[in-house]
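Comments concern the structure below.
Derivation of every value follows stated rules applied to the coordinates shown; laboratory data play no part. All of these numbers come straight from a predicted model, not from anything done at the bench. Backbone-built Cβ (ideal geometry, glycine too); neighbour counts: all protein chains shown.
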Amino acid sequence: MKIYLDTNVIRDCLKRRNLNTIRLLEIIREKKIECKSSIFSIMELIDVEKDDIFFKNCIRKGEEITSIMRKKSRRDLKLEDLNEIWKDINNLLVTYPFIEFINLTSEGWTISFDMCKSSNLDADDSIHLASATGCDVLLTSDSFFEKEGTRLIKGHNALVKEAEKLNLKINAPEEILEILEDEEKPKQDNSQIPIKPLDSKEDDELKAEINKNLPNTSNKPPTSSQ
């Protein structure tokens with residue numbers, strides 16, 4: 001199995017906000033499952049963390065939400081804020097060294113462009129779906145991405161025929177976690193279960209029960225001889 005991680009799945013681990021995702025990543029590590037994401041994911045993580053710190057700084061200053069939203073495109077984070085963001089993300093990369101971060105190929109950019117212009121997917125989701133080429137599963141916590149991406153892969157959009165070639169499934173982390181945990185459960189070998197012999201009382205009771213249910217042939221008339 002080859003798994004591709006959407007940015008929100010990686011951020012679950014960065015913020016330690018979803019224990020199921022963290023457990024899943026540990027199983028992927030233990031089973032040595034091939035795991036990929038995009039360099040674009042790291043850029044998205046940096047961007048989201050910048051927004052997070054910017055909003056927190058503004059709220060500490062007592063600014064109103066409308067004012068914060070107007071200033072969002074003009075963030076004024078300090079160098080120590082930016083360094084702290086990268087420090088956290090770099091620690092994440094060190095913690096999960098088995099995740100391979102890949103660049104989108106020129107063909108991948110063409111596919112993502114077609115998906116973006118001819119479907120309801122955002123540009124970032126189109127990039128991730130195209131980047132997952134060659135993987136068996138794309139993991140995302142975004143239910144809309146899961147639904148719309150699956151429609152594309154199944155050929156429900158005639159304008160994006162290339163999406164059908166991706167040949168992967170889009171699932172939430174919890175779904176794949178359940179599958180992998182089921183694989184870890186020991187399978188019971190029924191052939192090795194000892195059968196307890198009946199004692200004499202149980203044996204007599206069983207025979208009586210069987211005889212009670214047998215058809216009564218004692219009252220049948222004798223057959224005439226020819």
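For the reader, a short list of remarks on this structure follows.
- Filtered chymotrypsin sites (Phe, Trp or Tyr not before Pro), the range 34-104: DSSP coil and at most 13 other beta carbons within 10 Å: 98
- Net charge of neighbours whose Cβ lies under 9 Å from the Cβ of residue 85, counting Lys and Arg as +1 and Asp and Glu as -1: -3
- The C-alpha atoms of the range 2-184 occupy a region whose extents along the principal axes are 50, 41, 26 Å, arranged from largest to smallest.
- Cβ-to-Cβ counts within 10 Å put 4, 96 in ascending order as 96, 4, the fewest first.
- Taking the range 1-136 and dividing mean pair separation by its residue count, relative contact order in percent (alpha carbons under 8 Å, at least six apart): 34 percent
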